Amino acid sequence: MTSVTRPGVGIGQLLLRISQFNECQAKRPAENQMQFWREFVDEFFYFRATYKYIVWLTDHDTRSFQLFQLGTETLPRFYNVIYSSSISSVYYVLENPREYCLDSRTYLLFSPKTRVEYKYENGCRVITKGFLRVTFSDELKIILWEFEAKCHEEYLPTSIFREKRAKRQQRTSLNLNAQDTTPCTPSGGEISLDSLPKSQVNQFGLPPPVMRCFEITEVINYMKDLIDFAMERQLPPLQSLELYHQEMIDKSSMGGSVSNSQSDPESYGWNGTKMRISKQASFFTATR
């Protein structure tokens, strides 16, 4: 693996492409039309690109991961759902990004510290931290997008607290004027968590509509082989399911392997020190 030096894809070109990626989303039409997102995907993604989003959950001493994977055909709907779920902007901030040439036609942008900043219509912000790895073609189209989320933080605008404090001071003033002897909480006291705006995200740091989009796509990914099986044989759904099930049993009894789209994250991800992709191992092992 070498630094990007090939004519036409010079140093900084991959990072510039990510900036254009951010800027294009910021300039989306207010109507959030599907046609815009089809053109967006056509502009930035390879025609057979893969989008991977990995999240981790820690439960006591155990950690579990969830991989969500999208193909080019589902990306327009994915971006449409993002901006239909009260998100006003999404921006990727890359720290210490590195650009590399994998071969004569493939390039890699890697950022070990990446922040994804989600801004919501009500002023709240969610910042997800993780690592980003993007593989580009020689036409600067995204072949593989991989983001592994490590943690997320939610931020509330200070205006929310100022409004609640003003209302509390007003109630306190009214109580004093009425000579109410009931103890009142000082105006600078704590604000109840129940009075704060409802969280916009789930435990993965994702808005529920985006999570549902991921889950539906995951089901489709698991059923892809079955769908292809039915289309190739031009069979009705129930008959296809029965024959496909029998074929899987036959393959299993013969010692064959049944593919599973949900692989171990270490086969493509980051374990805190180095990558697990052999093609890139020499670089990532040396820089852990």
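Within the range 228-237, the presence of a residue that is among the basic types (K, R), at pLDDT below 85 and over 21 Å from the mean Cα position of the chain (by Cα) is excluded.
Scanning the range 104-124 for residues that are of a type in the set (D, E, K, R) and either part of a strand (DSSP E or B) or not assigned by TED's automatic domain parsing to the domain that holds H152 (or both) yields a total of 4.
Of all residues in the range 59-71, those that are modelled with pLDDT of 90 or more and surrounded by fewer than 17 Cβ atoms within 10 Å (Cβ to Cβ) total 1.
Residue pairs whose Cβ atoms lie under 9 Å apart, separated by 6 or more positions or on different chains, with the first residue in the range 83-103 and free of Cβ contacts under 8 Å to residues at least 40 places away in the same chain and within 17 Å of N122 (Cα to Cα) and the second exposed (fewer than 15 other Cβ atoms within 10 Å of the Cβ) and acidic (D, E), are S88/E121.
Let's see how each residue does on (1) modelled with pLDDT under 90; (2) buried (at least 16 other Cβ atoms within 10 Å of the Cβ); (3) part of a helix (DSSP H, G or I); (4) among the basic types (K, R):
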| residue | (1), (2), (3), (4) |
| --- | --- |
| F47 | no, no, no, no |
| Y51 | no, yes, no, no |
| L57 | yes, no, no, no |
| R77 | no, yes, yes, yes |
| V81 | no, yes, yes, no |
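The values are calculated or read from the model by the stated rules, or taken from the named source; none is laboratory data. In this text the structure is predicted, and so the values were computed from the model without any measurement. Positions of Cβ are generated from backbone atoms using ideal geometry, with glycine treated the same way; all protein chains shown enter the neighbour counts.
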